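The values are calculated or read from the model by the stated rules, or taken from the named source; none is laboratory data. Everything numeric here is computed off the predicted structure, so don't read it as measured data. Heads up, the Cβs are rebuilt from the backbone with ideal geometry, glycines too, and the neighbour counts pull from every protein chain shown.
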Amino acid sequence: QVAAAGAVVRARELDLAFTRVTAPISGRISERRVDPGNAVTADQTVLTTIVSTNPLHFVFQGSEALLLKYQRQGAGTQNGTPVRVKLSDEADYSHAGTLDFVDNAIDAGAGTIRARAVIANPGGFLKPGMFGNLRLEASRPYPALLVPDTAVIADAARQVVYVVDKNNAVVVRPVQTGPLVMGNLRVVRSGIAREDRVIIDGTQRAMPGQKVNPKQGKIQPGAAQASTPPGSSAPPSSSAQPVGR
């Protein structure tokens, strides 16, 4: 019996000599789940976990309506389409990536389709499990008029801005708007021209037809519009931004 037990020990020592634990991927390792001396079973006992950190996959769901919109535009659903991501505490979409997967069917229960983007993460700032918002590019960059989002007013079923005409009277202009960019600026696709003077402060007190004494204001991207004298106006920004139509 002693000899048999010794043979078992030598066999286990030989197994140990040929044992090599390797990770299937490179990444960041978590805490160990076992200690030296613990009994483990091959292919069953979890020693630790490892996650890939660069690049990261950003998995998201899109509605059927958005899928149809992008497909009819002929953009936004092909692998390699640029995307940008912002985290829950960020104002701007500062993390760039590309689309690398779109599922082959709509989820009939939710009415959505699953997709995935690859986000570069060389500094390791992004962590697996984080939540964020994704913007999918639907068109090439184009010149756009930008106004502070606070200057756009909901009027029943339409959106309007107040402009000051050549006689310094307030005029209502219905506008067609686009996405929010640079934190606080709204894309205006139609309804105003570059030379129009848009009221950016004091819109609550402005009345159509009212005479005002306009003062030049300043549009500041990336933050809430700074306080300016009531009735201040400014020409809309005409910066070119890569935003979806």
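Is one or more of the residues making up the range 13-33 under 21 Å from the mean Cα position of the chain (by Cα), modelled with pLDDT of 80 or more and of a type outside the set (S, T, Y)? No, that holds for no residue. Can you spot a residue in the range 140-155 that is assigned to a loop (DSSP other than H, G, I, E, B), under 22 Å from A91 (Cβ atoms), at pLDDT 85 or above and out of contact with any helix residue (DSSP H, G or I) (no Cβ under 7 Å at 6 or more places or on another chain)? Yes: one or more hits.
Looking at G123, G129, just one residue is modelled with pLDDT under 90, in a loop (DSSP other than H, G, I, E, B), over 17 Å from the mean Cα position of the chain (by Cα) and not β-branched (V, I, T), and that residue is G123. Name every residue in the range 102-123 that is exposed (fewer than 13 other Cβ atoms within 10 Å of the Cβ) and of a type outside the set (S, T, N, Q), in order of residue number. Listed by number, the residues that qualify are A105, D107, A108, G109, A110, G111, P122, G123. Considering each residue of the range 203-211 in turn, at least one proves to be surrounded by fewer than 17 Cβ atoms within 10 Å (Cβ to Cβ), modelled with pLDDT under 90 and in a strand (DSSP E or B). Only a single item in (1) touching a residue at least 40 places away in the same chain (Cβ under 8 Å); (2) polar (S, T, N, Q); (3) under 29 Å from G109 (Cβ atoms) is not met by T53, and it is number (3). When the range 151-164 is filtered for residues that are within 13 Å of V188 (Cα to Cα) and either in contact with a Leu (Cβ under 6 Å, 6 or more places away or on another chain) or among the β-branched types (V, I, T) (or both), the ones remaining, listed by number, are V152, I153, V160, V161.
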